[in-house]
Amino acid sequence: MRKSEARELLRQARAAWDAEEWLRSAELYEQVLAHYPDEKSSAEWWYDAALAHKFLRSWAKAYDLGREAAARSPRGEGDPAYWNLGIAATIQRDWATARDAWAGFGIELPDGEGEIEARLGHACVRLDTGGEREVVWIERRCPTRGRVINVPITGGRRYGEIVVHDGAPNGERIFEGTTYPVFDELLLFESSDLPTLEVTVSAGEDADLRALLELFGEHGYGAEPASAVRMLCACCSEGTHEQERTVHAGAQQVSLAAPEEDARRLLERWAAETALGRSWSGLALVG
């Protein structure tokens, strides 16, 4: 391929990129890279081709092209080629490459082999299933993976599942003076076996409801009162919002994540801890 032909293909690739024609753009970049893999600007071309396949959720291609992009990018300087490779390698479950990618980006993780199980604090993820969107809290296990610690109200989603999220925040939540990023979900990485139940509880005091939430949490299960759910439009969801863990006395629906037999046992224990003010009814499986 003559360089004049390569320049024309690159022009077309950039035009396709601007038009968000991701597959065409990637294919044009790859045609050029087959002949000019190590030009001065080739790292950028590898990166754009890999990123296009990330947008397409074509993870095998994003992984292959991402390895080429990272191999031509400076290490330890926060180069995004390493971040995108870290995402793709995680989804491909190539943990050695994922660890090296995070190190190449400049992130220190605990030494080890196999699946990354770091403790990186909390963040929020915007779940997206069939057009439904819901922001939930996660415990971060690596720079792109986290365990859901809310009981989602979105159908088909569950407490305890592991999700992979994007690297660029798309909103913020402020809780007790600390700001947490909101990331967009890329895919469901590992499902959860815990079913979702609903129950109507009556709590005489706010403390009674808090006691129920703590009881389920102590056993590794989830409990989410309706009073803690806040509805936002899509535009507002991508902004910055103060978040409160509000619980209110009275009767309300509570979503639970637990095996039904265990949920029933814990509800009975909770209700029996005081003579008055605590009751429950209508326990039902919803997902």
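Things worth noting here:
- Within the range 174-206, considering residues that are among the hydroxyl-bearing types (Ser, Thr, Tyr) and in contact (Cβ under 8 Å) with a residue 12 or more places away in the chain, the one nearest to residue 160 (Cα to Cα): 192
- Selected residue (criterion: modelled with the lowest pLDDT) from residues of the range 235-261 that are farther than 20 Å from residue 151 by Cβ and of a type in the set (D, E, K, R): 242
Yes or no, residue by residue, for (1) touching a Cys at 6+ places or on another chain (Cβ under 6 Å); (2) polar (S, T, N, Q); (3) at pLDDT 90 or above; (4) surrounded by 14 or more Cβ atoms within 10 Å (Cβ to Cβ):
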| site | (1), (2), (3), (4) |
| --- | --- |
| 173 | yes, no, no, yes |
| 183 | no, no, yes, yes |
| 189 | no, no, yes, yes |
| 194 | no, no, yes, yes |
| 197 | no, no, yes, yes |
| 204 | no, no, no, yes |
| 214 | no, no, yes, no |
| 218 | no, no, yes, no |
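- Residues that are touching a residue at least 60 places away in the same chain (Cβ under 8 Å) and closer than 22 Å to residue 87 by Cα, drawn from the range 159-173: 160, 164, 166, 167, 170, 171, 172
- Residue that is surrounded by the most Cβ atoms within 10 Å (Cβ to Cβ), among those in the range 127-157 that are of a type in the set (D, E, K, R) and at pLDDT 95 or above: 145
- Hey, residue 91 touching a Lys or Arg at 6+ places or on another chain (Cβ under 7 Å) and at pLDDT 95 or above or not: no
- Within this structure, residue 40 fails the test of being among the basic types (Lys, Arg) and not in a loop (DSSP other than H, G, I, E, B).
- Scope the range 96-112; condition under 17 Å from residue 73 (Cβ atoms) and either in a loop (DSSP other than H, G, I, E, B) or touching a Ser or Thr at 6+ places or on another chain (Cβ under 7 Å) (or both); matching residues: 98, 106, 107
- The set of residues in the range 151-190 being of a type in the set (Ser, Thr, Tyr) and under 15 Å from residue 221 (Cα atoms) consists of 159 alone.
- Set side by side, the residues 147, 126, 141 differ, and just one is within 13 Å of residue 165 (Cβ to Cβ), of a type in the set (D, E, K, R), touching a residue at least 40 places away in the same chain (Cβ under 8 Å) and touching a Lys or Arg at 6+ places or on another chain (Cβ under 9 Å), which is 126.
- Residue pairs whose Cβ atoms lie under 6 Å apart, separated by 6 or more positions or on different chains, with the first residue in the range 62-86 and modelled with pLDDT of 95 or more and the second in a helix (DSSP H, G or I) and polar (S, T, N, Q), are 66/84.
- Hits in the range 141-170 - residues which are assigned to a strand (DSSP E or B) and within 9 Å of the chain's Cα centre (by Cα): 145, 146, 147, 148, 162, 163, 164, 165
- Residue identified as basic (Lys, Arg) and assigned to a helix (DSSP H, G or I) among 126, 67: 67
- Matching residues in the range 88-123 - criterion: being under 14 Å from residue 162 (Cα atoms) and buried (at least 23 other Cβ atoms within 10 Å of the Cβ): 90
- Filter result for residue 73 (within 30 Å of the chain's Cα centre (by Cα) and either among the polar types (S, T, N, Q) or outside any helix (DSSP H, G or I) (or both)): yes
- Residue match in the range 108-117 (condition: of a type in the set (D, E, K, R), under 23 Å from residue 225 (Cβ atoms) and in contact with a helix residue (DSSP H, G or I) (Cβ under 7 Å, 6 or more places away or on another chain)): no
The values are calculated or read from the model by the stated rules, or taken from the named source; none is laboratory data. As the structure is a prediction and not an experimental result, all values here were calculated from the model. Here the Cβ is made from the backbone with ideal geometry for all residues, glycine too, and neighbour counts use every protein chain on show.
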